[in-house]
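Before any comments, here is the structure.
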Amino acid sequence: MNDRDSEIKLKEDCQEVAKVESTHGKSFWQFIKFSIVGLSNTIISQAVYTILVYFKMHYAPASFLGFFVSVINAYYWNQKFVFKKPEGGLMGHLKTFSRTFTVYLGTYFLSLFLLFIWIDVIHISNWMTPLADLCHKIGFESFNEKFLGDTIAAILNIFVTVPINFVMNKFWAFKEKRKQDL
């Protein structure tokens with residue numbers, strides 16, 4: 001291989017590295033934006049749930065309605081802010097929304113299953129006695145073992161469901177068409 005060939009090969013390798021770094025940087029920022037949208041989803045879901053339960057709706061449909069409203073929020077902001085998917089007409093929107101809903105529904109059920117494991121199988125609340133005692137000492141009497149265990153279980157689920165939601169939304173629901181797919 002002569003100097004000219006080596007120079008061309010080096011240039012091609014550098015371009016490939018830059019392309020990979022650009023892709024990883026884009027994915028990192030997409031994940032940060034996705035997490036911000038996820039925080040808004042959690043707030044919206046919890047607000048809808050709380051309002052409906054306050055007005056005497058049973059917790060199960062209230063939870064599902066909160067979930068459904070948060071999926072609409074997720075779809076809108078993921079399309080506009082995170083993945084910036086171009087408009088695809090009504091059918092494109094319906095396809096992407098149905099995929100988004102499917103992803104979130106899947107992780108909603110996964111989260112319920114994980115809550116069952118944490119709370120009813122592992123009995124995470126049994127591990128919360130020292131933390132509950134500390135909370136009682138500083139004046140948070142309602143922070144008992146059950147409340148803390150249920151809360152910690154939900155927080156642990158975030159570390160499982162958020163990455164799954166991100167990957168499934170990025171590579172399936174909001175998948176960018178490659179030039180060869182067009």
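Convert each backbone phi in the stretch 119-135 into a coupling constant with the Karplus relation 6.51 cos²θ - 1.76 cosθ + 1.60 (shift: θ = phi - 60°), then list the ³J(HN,Hα) values in order as whole Hz, x for Gly and Pro.
Those phi angles translate into 8, 9, 9, 7, 6, 4, 4, 5, 8, 8, 4, x, 5, 5, 4, 4, 4 Hz.
Please turn the phi angles of the stretch 49-66 into ³J(HN,Hα) values with the Karplus equation 6.51 cos²θ - 1.76 cosθ + 1.60 (θ = phi - 60°), one per residue in order, whole Hz, x for glycine and proline.
4, 4, 4, 5, 5, 4, 8, 6, 6, 4, 4, 5, x, 5, 5, 5, 5, x
What number comes out for the charge environment of Phe143, summing +1 per Lys or Arg and -1 per Asp or Glu over other residues with Cβ under 15 Å away?
Details: positive: Lys137, Lys146; negative: Asp133, Glu141, Glu145, Asp150.
After counting each charged neighbour, the total is -2.
I need the calculated FRET efficiency for the pair Ile117 and Asp5, taking r as the beta carbon distance and R₀ as 45 Å, to the nearest 0.05.
Details: r = 58 Å, r/R0 = 1.29.
So, using R0 = 45 Å, E works out to roughly 0.20.
Calculate the length of the line joining the C-alpha centroid of the stretch 75-146 to that of the stretch 147-173, in whole Å.
Their Cα centres are 5 Å away from one another.
With a Förster radius of 35 Å, plug the Cβ-Cβ distance of Thr102 and Phe140 into 1/(1 + (r/R0)^6) and report the FRET value to the nearest 0.05.
Working: r = 39 Å, r/R0 = 1.12.
According to the calculation, E is roughly 0.35.
Using 0.36 nm per residue of separation minus the Cα-Cα distance, give me the extension gain between Lys95 and Trp29 in nm, one decimal.
On the way: separation 66, 0.36 × 66 = 23.76 nm, distance 2.48 nm.
Full-extension gain reported as 21.3 nm.
With θ set to phi - 60°, apply the Karplus curve 6.51 cos²θ - 1.76 cosθ + 1.60 along the stretch 165-171 and write out the HN-Hα couplings as whole Hz, x wherever there is a Gly or Pro.
4, 4, 4, 5, 5, 5, 9
All of the numbers you see were taken from the coordinates with simple rules; none came from a lab. A quick note: this is a predicted structure, and the numbers were derived from the prediction, not measured. With ideal geometry, Cβ positions are generated from the backbone for all residues, glycine too; neighbour counts draw on all protein chains shown.
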